[in-house]
Amino acid sequence: WEITGPEDDTLIFESRFESGNLRRAIQIYPSEYDLILRPDINTRGHTQWFYFSISNVRRGRKYKFNLINLVKPDSVYNQGLRPLIYSDVEQKASGLGWHRTGVDIAYYQNNIKRKGGAYYTLTFTVTFPHDNDTCYLAHCYPYTYTDLQNYLASLEADSRVASRIR
């Protein structure tokens, strides 16, 4: 999707980065989107976590997101968990990194059927703090394969630990 001009306020979703798992975003109202996640690798269609970016956001506008193809019948979102957000602009301005966000959070069974059961929806509303920011939304703090490899390399480089690992 290409922005057509400064008046174009369509959100741009992206997940073509390590651990990103958004398959499709469908705008259903001016500030509401249905989101479909890619299933976890090496599963039979399991989808429960999410990680993707959104750009072209407008400060102060409420955006509603509906993740419509989750598979667990219950979620800690019903007990108060909130999604994580990371704002590029906020991080540069104040140093604030990942933090919890979202209001009007609900997790419920929807009317979409799947083999062996039904799908569930996580819905929440986010108000972004800055115009034209790129923000990342995630279920939990991202920890990628590259993060793991870097950590293991640091252990191998540490003479106090290297003799104890293979």
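The figures follow:
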item: Heavy-atom accessible area order for 119, 33, largest first, 1.4 Å probe; result: 119, 33
item: Low-density loop positions, chymotrypsin sites (Phe, Trp or Tyr not before Pro), the range 137-166 - DSSP coil, at most 15 other Cβ in 10 Å; result: 143
item: Sum of side-chain charges, residue 59 neighbourhood, beta-carbon under 13 Å (Lys, Arg +1; Asp, Glu -1); result: -1
item: Protein-only accessible surface order, largest first, of 26, 12 at 1.4 Å; result: 26, 12
item: Relative contact order of the chain, pairs being alpha-carbon contacts under 8 Å that are 6 or more residues apart, as %; result: 24
item: Nearest-10 value in Å² for the accessible area of residue 62, using the 1.4 Å probe; result: 140
item: Interchain or long-range residues, amide H under 5 Å from residue 52's placed H; result: 137
item: Area of residue 146 that stays accessible when all protein chains are in place (1.4 Å probe, Å², to 10); result: 60
item: Heavy-atom SASA rank of 89, 76, 57 (probe 1.4 Å, accessible area, largest first); result: 76, 89, 57
item: Identified option (computed semi-axes √(5λ) of the Cα gyration tensor in Å; candidates [x] 30, 23, 15; [y] 23, 20, 18; [z] 43, 19, 12); result: [x]
item: Nearest 10 degrees, 0 to 90: helix 145-157 Cα axis against the chain principal axis; result: 20
item: Unit charges at the beta carbon, dipole of the chain: most positive-side option, 112, 137, 99; result: 112
item: Accessible area expressed per residue, the range 1-125, with surrounding protein chains retained (probe 1.4 Å, Å²); result: 58
item: Solvent-accessible surface (1.4 angstrom probe) belonging to residue 85, in square angstrom, nearest 10; result: 10
item: Dipole in debye (nearest 20) - the range 1-149, about Cα centre, beta carbon charges: Lys, Arg +1; Asp, Glu -1; result: 680
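The values are calculated or read from the model by the stated rules, or taken from the named source; none is laboratory data. The structure displayed is predicted, hence computed values, not measured ones. We place every Cβ from the backbone using ideal geometry, glycine too, and count neighbours over all the protein chains shown. Note: accessible area is taken over every heavy atom of the protein model, side chains too, but ligands, DNA and RNA are not part of it. Shrake-Rupley method; radii C 1.70, N 1.55, O 1.52, S 1.80 Å.
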